[in-house]
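The values are calculated or read from the model by the stated rules, or taken from the named source; none is laboratory data. None of these values were measured; they are calculated from a predicted model. Backbone-built Cβ (ideal geometry, glycine too); neighbour counts: all protein chains shown. For the accessible areas, the whole protein counts, side chains as well, though only heavy atoms, and no ligand, DNA or RNA atoms are used. Shrake-Rupley method; radii C 1.70, N 1.55, O 1.52, S 1.80 Å.
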Amino acid sequence: MLDSLRSIVQEVNSAKDFASVLQIIVSRVRRATRTGVCSIYLHDPVGDAYVLTATEGLYDEAVGNIRLSAGEGLVGLVAAKAEPINLDHAESHPNFAYFPETGEERFRSFLGAPIIHHRNVLGVLVVQQQESRRFDESEEAFLVTVSAQLAGVIAHAEATGQLARHLSPDTALQDGETVFRGIPSVPGIAIGDVVVVTSPADLYSVPHRPAEDIDRELELFQQALERTKQDLRAVHEELSDKLNLEERALFDVYVSMLDDSSLGGEVRVLIKAGLSAQTAWSEVIIEHIRNFSSMEDAYLRERASDVRDLGRRVLGYLQQSQTRDQEYPADAILIGEELAAPNLADVEVERIRGMVSAKGSRNSHLAILGRAMGIPTVMGAIDLPWKQMDGKRVIVDGYQGLVISNPRPEILASYEAQLDEEKLLAEDLERLRDEPSVTADGHHIALWVNTGLRLDTLLSLDRGADGVGLYRTEIPFFMHERFPSEEEQRKIYREQLEMFAPRPVTMRTLDIGGDKALPYFPIEEANPFLGWRGIRISLDHPEIFLVQLRAIMRASEGLNNLRILLPMISNIPELETALDLVFRVYRELTEEENYDIAKPAVGAMIEVPAAVYQVREIARRVDFLSVGTNDLTQYLLAVDRNNPRVADIFHALHPALLRALKQIVEGAARENCQVSVCGEMAGDPLAALLLVGLGYEVLSMSATNLLRVKAILRLVSLKQARELARDVLELDDDHSVREYLEKALEDPEVSRLYRPSKKLN
Ligand code: PEP
Ligand code: MG
């Protein structure tokens, strides 16, 4: 059965559509368990019932017609109890329901396993057998394993609307509202037309596009084929004396594959039926690759890579000639499998309203760019059928990490209203630019910015930031193809320090590792967030760290506004070694090389739970502390900050986190050490209030959030913020904290500054 399991998984993974997946499962499971029947019942939200969706063994006519609610019949009982049921005499069970239209009266034994995804029972997988017998433990375990595998596929089909189409092919659900979830990466709302952005010559990332002009598509296709044939002939000539007869014959095979009687002909038929040349070509090639890959014969299986290679060549030419004389719509939503910074090169930034990437995380380049430019962005939308979305009008909700296609009119209207409100709010907030950042009762709170790109530096200056609380030095490292030299680094840092002088600039030393890998310094680890990252890499590579420290300090010559921040400190020896290196560089530069540099303030990030418990020991050794709530939350709650599967339990207002924050601010105060917060929490208006209430006086955030935070602070007194912080520390969970704050801050002037939770139902 283990072998069967492996090959079922393989077959399911290469199935061409959802219907084939279901068919593969019922037929392979029936065979593996040697039973008379295998069926899948799936949950249909319309009518809230489990519907017979695929079967081998029951009458075909019953498919789609047998519906059981939870608790009804044996299938409904499996669903209601969310556990397997194994019976040798099904007909004598009180729940047995008999449906003559299935022909199941012949089957006496019954084994059903629920198909569960994220606690939801999506369906039931059943095997039945004519003779009465109890299925053994290994059979039960087998069925449970297949169900668990199937759950992911069904959840994906549900998220992409395939399941609804499968269950009700004729209804209006065809084009129903679909909500895809990802990681909220840049807050804000965007409504616009999707432009699918792809990587060049990648057969699997060609969006599904119709032909606008069929004759033109045919002509371009012909040209691409001709250019590919010319290439093949040229290579053939060049290699003719190095290849044997058989190998040369392969080139002829390639060329003939492009003919009308072969791939060329198949593609032309699809173009004539209305598909664009790129779409038609990629679909035909992918189908052939799939066929070759599943062949038993090793030689034929190898041919899949030839077809893939040919496919990419032709596609490359098609893309070159069509570099989609693309007119980007005025309100473009860029969507792609793995959108990256270079994808933005062809678009005028003003046209981009929102961005969505199926892969990637909050820390991907794209999200960082999006934050700098204030473009609502959702990353890690794993279920997004991005290829099918070109030209669709969608809503991107960067607050909640949602992408909504075909929204219901009332949902669209509510988002449009929110967008209008946001525009008005942004205009209102502009007026606060030169107003002081004080609470309603006059206490000054310093609002600093997080930077890394030139663009956010400019925006930060425009927003009147008091300083830079976090300059992420890894960002310029990402933009290079190798480690930047000392002088290259010095120039970049100098610009940053000069632009803000005399205001302070906090330069964090290289914080790579985790999910922030440099392309030229790849790190392969099973558990990267607990691995080689931040200061650990710097200490292991003094040649990189010392060069960076020299560049940072030399950049500050004559300016006197530099602060140095050390990331990921998790123990005291690590901190002491890093401090020794910082001061060694300082001494060398000033005493041996005669640079005129003011001694920089040096601080440590508090972003690891161990550092919370040793905050006083750390504070005693440094000039300031900066709390990285992004990592602190992930480590405290043991929730990967980039994993969409657990994004809903990344509770930014978890009481455990609030207590840790209290402990940090109190520990720092006892040591008379300045402390700020530079994680995303500081830029969330509600959370910022709490931080102030807990005692933080310096908040550092993305420039796009600065005015909103300033506005809320000006409306609430320090006294009220303190009371709120005191009260929520007594609550049990994130949800209660949020509810409490929202209730306490109901005043419309205040509540328009934070996002009221929008419910999609
Ligand atoms: C943090 O962890 O909160 C932080 C500010 O650093 P980064 O997001 O760069 O890890
Ligand atoms: Mg961090």
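What the table shows:
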{"item": "Sole exception among (1) under 26 Å from residue 7 (Cα atoms); (2) surrounded by fewer than 18 Cβ atoms within 10 Å (Cβ to Cβ) for residue 113, by number", "result": "(2)"}
{"item": "Total residues in the stretch 661-679, condition in contact with a helix residue (DSSP H, G or I) (Cβ under 7 Å, 6 or more places away or on another chain), farther than 19 Å from residue 729 by Cα and within 14 Å of ligand 1 (Cβ to nearest atom)", "result": "2"}
{"item": "Test for residue 537: is it assigned by TED's automatic domain parsing to the domain that holds residue 453 and either modelled with pLDDT under 95 or within 16 Å of ligand 1 (Cβ to nearest atom) (or both)", "result": "yes"}
{"item": "Residue 208 vs. criteria open to solvent by 70 Å² or more (accessible area, probe 1.4 Å) and of a type outside the set (Val, Ile, Thr)", "result": "yes"}
{"item": "Residues satisfying the stated conditions in the stretch 276-309, i.e. over 30 Å from the mean Cα position of the chain (by Cα) and hydrophobic (A, V, I, L, M, F, W, C)", "result": "277, 292, 295, 298, 300, 304, 307"}
{"item": "Residue under evaluation residue 437, criteria (1) within 30 Å of residue 163 (Cα to Cα); (2) more than 24 Å from the chain's Cα centre (by Cα); (3) of a type in the set (S, T, N, Q), criterion not met", "result": "(1)"}
{"item": "Unmet criterion (only one of (1) in the same structural domain as residue 684 (by TED's automatic domain parsing); (2) within 27 Å of residue 160 (Cα to Cα); (3) not aromatic (Phe, Trp, Tyr)) for residue 416", "result": "(1)"}
{"item": "Residue in the stretch 627-636 that is in contact with a strand residue (DSSP E or B) (Cβ under 7 Å, 6 or more places away or on another chain), more than 29 Å from residue 380 (Cα to Cα) and within 16 Å of ligand 2 (Cβ to nearest atom) present", "result": "no"}
{"item": "Options 402, 412; residue that is out of contact with any helix residue (DSSP H, G or I) (no Cβ under 9 Å at 6 or more places or on another chain) and open to solvent by less than 10 Å² (accessible area, probe 1.4 Å)", "result": "402"}
{"item": "Only one of 682, 703 that is within 16 Å of ligand 2 (Cβ to nearest atom) and over 21 Å from the mean Cα position of the chain (by Cα)", "result": "682"}
{"item": "Filter result (within 16 Å of ligand 2 (Cβ to nearest atom) and either without any contact (Cβ under 8 Å) to a residue 60 or more places away in the chain or surrounded by fewer than 18 Cβ atoms within 10 Å (Cβ to Cβ) (or both)) within the stretch 565-577", "result": "566, 569, 570, 574, 575"}
{"item": "Condition check for residue 465: modelled with pLDDT of 90 or more and surrounded by fewer than 23 Cβ atoms within 10 Å (Cβ to Cβ)", "result": "no"}
{"item": "Qualifying residue in the stretch 541-558 (condition: more than 16 Å from ligand 2 (Cβ to nearest atom), among the acidic types (Asp, Glu) and farther than 23 Å from residue 618 by Cα)", "result": "yes"}
{"item": "Single residue of 148, 113 found to be without any contact (Cβ under 8 Å) to a residue 60 or more places away in the chain, outside any helix (DSSP H, G or I) and within 33 Å of the chain's Cα centre (by Cα)", "result": "113"}
{"item": "Among residues of the stretch 590-633, those that are within 13 Å of ligand 1 (Cβ to nearest atom), open to solvent by 10 Å² or more (accessible area, probe 1.4 Å) and modelled with pLDDT of 95 or more, counted", "result": "2"}
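A quick yes/no check of all residues on (1) assigned to a strand (DSSP E or B); (2) buried (at least 20 other Cβ atoms within 10 Å of the Cβ); (3) within 16 Å of ligand 2 (Cβ to nearest atom):
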residue: 469; (1), (2), (3): yes, yes, yes
residue: 483; (1), (2), (3): no, no, no
residue: 495; (1), (2), (3): no, no, no
residue: 499; (1), (2), (3): no, no, no
residue: 511; (1), (2), (3): no, yes, yes
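Conditions tested, residue by residue: (1) in a loop (DSSP other than H, G, I, E, B); (2) at pLDDT 95 or above.
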| position | (1), (2) |
| --- | --- |
| 693 | no, yes |
| 708 | no, no |
| 721 | no, yes |
| 759 | yes, no |
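Per-residue answers, yes or no, for (1) among the aromatic types (Phe, Trp, Tyr); (2) buried (at least 23 other Cβ atoms within 10 Å of the Cβ); (3) free of Cβ contacts under 8 Å to residues at least 60 places away in the same chain; (4) under 16 Å from residue 633 (Cβ atoms):
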{"position": "670", "(1), (2), (3), (4)": "no, no, yes, no"}
{"position": "681", "(1), (2), (3), (4)": "no, yes, yes, yes"}
{"position": "687", "(1), (2), (3), (4)": "no, yes, yes, yes"}
{"position": "693", "(1), (2), (3), (4)": "no, yes, yes, no"}
{"position": "697", "(1), (2), (3), (4)": "no, no, no, no"}
{"position": "703", "(1), (2), (3), (4)": "no, yes, no, no"}
{"position": "706", "(1), (2), (3), (4)": "no, yes, no, no"}
